[in-house]
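The values are calculated or read from the model by the stated rules, or taken from the named source; none is laboratory data. Since this is a predicted model, take the numbers as computed values, not measurements. All Cβ positions, glycine included, derive from the backbone under ideal geometry; neighbour counts span all protein chains shown. The area values use the complete protein model at the heavy-atom level, side chains included, leaving out ligands, DNA and RNA. Shrake-Rupley method; radii C 1.70, N 1.55, O 1.52, S 1.80 Å.
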Amino acid sequence: MQITQLGHSALLAETAQQRVLIDPGAFSDAWHGLTDLDAILVTHLHPDHADPEHLPALVAANPQARVLVEPGVIDAVDLKGRGEGLNADSSVSLGGLKVSAVGGTHAVIHRDIPLIGNVGLVLESEGEPTLFHPGDSLATAPAGIDLVAVPVMGPWAAMKETVDFVRDVEAPRAFMIHDGLVNERGWALLHEQISNLGPAVIEDHRDQQPWTV
């Protein structure tokens with residue numbers, strides 16, 4: 001599996017058979033203009049994960065791609081009539097790639113803000129590492145994860161919960177996402193603390209270059 005971090009929570013995951021984009025949100029633009037995608041996956045409807053301005057053009061530019069999204073996204077973003085709801089505890093086969101949705105609910109921002117849906121995404125393909133992208137929730141820790149994307153900053157996030165999430169998932173490798181609000185000093189601090197307190201090796205791939213898991 002080859003991964004390219006495209007800013008904030010956007011990831012391009014490429015297996016031997018599939019080319020999949022996760023969470024093309026408004027906090028990054030490196031995913032604009034991507035083509036030859038087999039699937040576009042969205043964990044939840046917040047615009048930093050599903051850019052309402054530019055996502056429609058991405059869908060139109062990839063007519064062959066399946067558009068698999070947390071169900072609440074379908075009414076929030078123009079998906080050109082191609083959005084398929086991906087419910088928690090369901091899975092979809094994309095050729096030799098299995099995408100499983102876990103969790104179901106976004107992390108609590110504040111008790112006065114209504115909760116929305118959120119599906120974490122587990123990508124697994126025979127003979128390749130298993131990737132977990134949790135979206136905006138740290139409540140679910142699937143077993144058998146080789147590489148986890150770790151959300152590190154948001155109005156709902158606390159480092160103590162992030163560390164516990166990394167410990168619960170028990171993946172040997174990790175990298176930090178959801179960092180669009182973090183400056184360089186803050187990123188370095190989070191990286192150091194999560195590395196020291198959690199079991200995973202926290203890698204830095206912010207250069208937007210593809211890397212092999």
What shape does segment 130-213 take by its C-alpha gyration tensor, where a ≥ b ≥ c are the square roots of the eigenvalues and a/c under 1.5 counts as rounded, a/b above b/c as prolate, and the rest as oblate?
rounded
Classified through the alpha carbon gyration tensor (a ≥ b ≥ c as square roots of its eigenvalues; rounded if a/c is under 1.5, else prolate when a/b is larger than b/c, else oblate), the chain comes out rounded
Surrounding charge for GLN17, neighbours by C-beta under 15 angstrom, Lys/Arg +1, Asp/Glu -1, total -3
Leaving ligands, DNA and RNA out of it, report the carbon-plus-sulfur percent of the accessible area of segment 2-202 at a 1.4 Å probe.
49 percent
When the charge dipole of the chain is computed with +1 at the Cβ of Lys and Arg and -1 at the Cβ of Asp and Glu, the Cα pointing farthest to the positive end, of PRO63, ILE145, GLY85, is that of GLY85
With all protein chains modelled, accessible area of ILE202 [1.4 Å, Å²]:
20 Å²
Under the helix-only model (-39500 (n - 2.57) for each DSSP H run of 4 or more, divided by the residues of the chain), the mean residue ellipticity at 222 nm, to 500 deg cm²/dmol, is -4500 deg cm²/dmol
Which value, in Å² rounded to 10, gives the accessible area of GLU203 with a 1.4 Å probe and all protein chains present?
30 Å²
For ASP36, what accessible area in Å² do you get when you roll a 1.4 Å probe over the heavy atoms of the protein chains, rounding to the nearest 10?
110 Å²
With the cut-off at 1.5 for a/c, could you classify segment 6-86 from its C-alpha gyration tensor as rounded, prolate or oblate?
rounded
Using θ = phi - 60° and Karplus 6.51 cos²θ - 1.76 cosθ + 1.60, couplings along segment 5-13 (whole Hz; Gly, Pro as x):
7, 10, x, 6, 10, 7, 10, 9, 10
Contact order relative to length for the chain, counting C-alpha pairs under 8 Å separated by 6 or more residues, stands in percent at 18 percent
Explain nothing, just compute: Karplus ³J(HN,Hα) = 6.51 cos²θ - 1.76 cosθ + 1.60, θ = phi - 60°, for every residue of segment 117-131 in order, whole Hz, x for Gly and Pro.
x, 7, 10, x, 10, 10, 10, 9, 9, 4, x, 10, x, 9, 10
Sorted list, accessible surface of protein heavy atoms, 1.4 Å probe, largest first, for GLU126, GLU161, GLU170, GLU84 is GLU126, GLU170, GLU161, GLU84
